[in-house]
Amino acid sequence: MKNNFTLTLIKVFLTLLILSSALWQTARLSKENALAELEQEGRHQLSLYISHLQGRLDKFESLPELLATNKRLAYQLQHPQDREGAEALSRDLEKINQISGAADTYLMNSGGLTVAASNWQSERPFVGRNFSYRPYFREAMEGRLGRYFALGSTSQRRGYYFAYPVRHQQQTLGVVVIKFDISQIEQDWSLSDDRFLVTDPDGVIFITTEGDWRFKSLQPLSTQAKDRIRAGLRYVDTEIEPLALSTVESIGTAIRIVELGPEEGRRFLMLEHEMPEAGWKVHILTSYKTVSGQMRRSLLLVLSLFTVLLLPALYLNQRRRRLLERAEFARRAKRDLELRVRERTQELTESNTRLSSEIEEHRQTGKALQQTQDELIQAAKMAVVGQMATGISHELNQPLAAIRSYADNSRALLQRERKEEACWNLQQISQLTERMATISSQLKLFARKTSGQLVSVSLPAAIDYSLKILAPRIKEVSAEVRLQLPQQEIFLQADMVQLEQVFVNLISNALHAVEEGEQRIIEISGSQREHLFHMAIRDSGCGIEEAHLKRLFDPFFTTKSESSGLGLGLSISHRIVEGMGGTLEAKNHPEGGAVFILEMPLAAAPEGN
């Protein structure tokens, strides 16, 4: 009897030892697997976020260098007393700001004083303010591209700055600066379940999907760091406090498990990646709940299996003599159950594999369709560029002939020592080259690709830019364009580049319609209807045949000659408008000619800086 009791105790001890070991191994393996999956998903999301950030930086990086080649900037820096010139330059910078989508564009002299700015008409303009304390100014004055991110001392808005020196005859006269608003980056990722944040070299958070974390540091700042931040006014008067973030476990140099406060469920897997060119470090915090949940499920499964295995064994051990048949039946039932579990598990695994494959195929198909549509839009734009080449060539020939004439006259005048008249001729040559640069830059700006983001877009600015692009063609046709739009500025919810493409296609189509007519008139009118803006582009041509109206927006359908186009313009325009939430239709006007009716959703005016 005593031996049986001892044997029973040994069995119980061994059972508990095996169970504890199994639970420990299960917890360890399930944690490692869950962390690996969570890390892989976090890295994927982090790479997407970094690509998004890099794309926003690349959009504006080359713009200051391009603006620095404008001779009007150097002229204004050499003639600071010319107030009319400064005001005209501010208007040009304001227009460039609207087209590029930047927050601010401004010009500073060598002392850091702002002489012209795109926000010259705002309540707190930059004109007359000195920003020489900003590091981007010092970097640009040293002859390289300046980069900086900070809270605007005037606008109190966060932004990233690009600065480039303005030179004349190897002398740096000043700096031109482009600032873009980075708050949109947070809005683009605010719906994600993960927390994203971007820190500066001192560990201060300035971009985050969690508003309460903004302008807090990941660790307490040293006195030197605080002094450096205050000297550059990076965050103005904002008091930088450390975020209540503690490290629970470090998995690697860029991976760790962190805890935010003592509350339940505030533990995260934190991954980070550096962006050295921008001076940023990007972090992603993914909830640790999935790891804890998977560990609990794994432990519960092991306990269930042990219970399923242990209870029948104890039961059979006590009743082995009387219940041998029932024990055999239980063993067969157990084997059948395990077989069904394996079969079902295999079926679920195969189903998950097929589902993952189908999801990847759908994703690749959607990506290919989007890329094809973007390529068609770009191809249509390049076709328009080709059609405009003849007109622009004619526009360039006239300044070229005048330049040659002025050059010959200057040489003759210099030989006769008539220097003042020769200088006047050289000034005319400079103005003519600036005019040629303006004409050619229109082609470059029109050929740019779209960002794909729907924002608040100025309707008059889009129409004005489209008419400038088509100016040579309008002049060639001798057409009259009549605008009948509301006096107040209208803003649409659209993509600027795609909206310009639609206007260029529709106006080009109208120019082709009136080309052979006696009256060559194109009317562009519009009115507001609740939350939509209704526009009509009418031509004085011969109209559209009824049989062609139903097929007008089909791809490759055209009534023009083969040399005049592929029949993609109206089809692409129709798809672009639908993609931006609008409608586009065509019909014949009762008084003659064709009319294209465009309806687009209205948007609020963009907030000033």
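The values are calculated or read from the model by the stated rules, or taken from the named source; none is laboratory data. None of these values were measured; they are calculated from a predicted model. Heads up, the Cβs are rebuilt from the backbone with ideal geometry, glycines too, and the neighbour counts pull from every protein chain shown. We work out accessible area using only protein heavy atoms, side chains counted, and drop any ligands, DNA or RNA first. Shrake-Rupley method; radii C 1.70, N 1.55, O 1.52, S 1.80 Å.
At a glance:
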{"quantity": "Region 36-82, accessible area per residue, ligands and nucleic acids excluded (1.4 Å, Å²)", "calculated": "56 Å²"}
{"quantity": "From phi via Karplus (6.51, -1.76, 1.60), per-residue ³J(HN,Hα) for region 210-215 in Hz, x at Gly/Pro", "calculated": "10, x, 6, 8, 5, 6"}
{"quantity": "Amide H contacts of VAL166 (H built 1.01 Å from N, under 5 Å, at least 5 apart or other chain)", "calculated": "LEU173, GLY174, VAL175, VAL176"}
{"quantity": "Inter-label distance for SER351 and LEU339, nm, one decimal - labels placed 7 Å from Cα along Cα-to-Cβ", "calculated": "2.2 nm"}
{"quantity": "Built amide H within the under 5 Å cut-off of MET275, gap 5+", "calculated": "TRP280, LYS281, VAL282"}
{"quantity": "Per-residue HN-Hα couplings for region 590-597 [Karplus 6.51, -1.76, 1.60; θ = phi - 60°; Hz; x = Gly/Pro]", "calculated": "x, 8, x, x, 9, 9, 9, 9"}
{"quantity": "Chain lengthening between ILE251 and ALA412 when straightened (0.36 nm per residue, less Cα-Cα)", "calculated": "50.1 nm"}
{"quantity": "Table column - 3J(HN,Hα) (Hz), region 70-76, Karplus curve with 6.51, -1.76, 1.60, x for Gly and Pro", "calculated": "6, 5, 5, 5, 5, 4, 5"}
{"quantity": "Members of LYS95/LYS179; LYS95/LYS468; LYS95/LYS475 lying beyond 19 Å, as alpha-carbon distances in this model show", "calculated": "LYS95/LYS475"}
{"quantity": "Ranked by how many other beta carbons lie within 10 Å on average, peptides 77-83, 56-62, 343-349 from highest", "calculated": "56-62, 77-83, 343-349"}
{"quantity": "Peptides 489-502, 457-470 ordered by average Cβ neighbours within 10 Å, highest first", "calculated": "489-502, 457-470"}
{"quantity": "Heavy-atom accessible surface of region 48-109: percent carbon and sulfur, 1.4 Å", "calculated": "49 percent"}
{"quantity": "Relative packing of peptides 539-552, 114-127, 95-108 - highest average C-beta neighbours within 10 Å first", "calculated": "95-108, 114-127, 539-552"}
{"quantity": "For region 203-248: rounded, prolate or oblate by the Cα gyration tensor [a/c cutoff 1.5]", "calculated": "oblate"}
{"quantity": "Extension gain from GLU328 to GLN427, taking 0.36 nm per residue of separation minus the Cα-Cα distance", "calculated": "24.8 nm"}
{"quantity": "Spin-label pair SER132/SER47, simplified geometry with 7 Å Cα→Cβ offset, distance in nm", "calculated": "4.8 nm"}
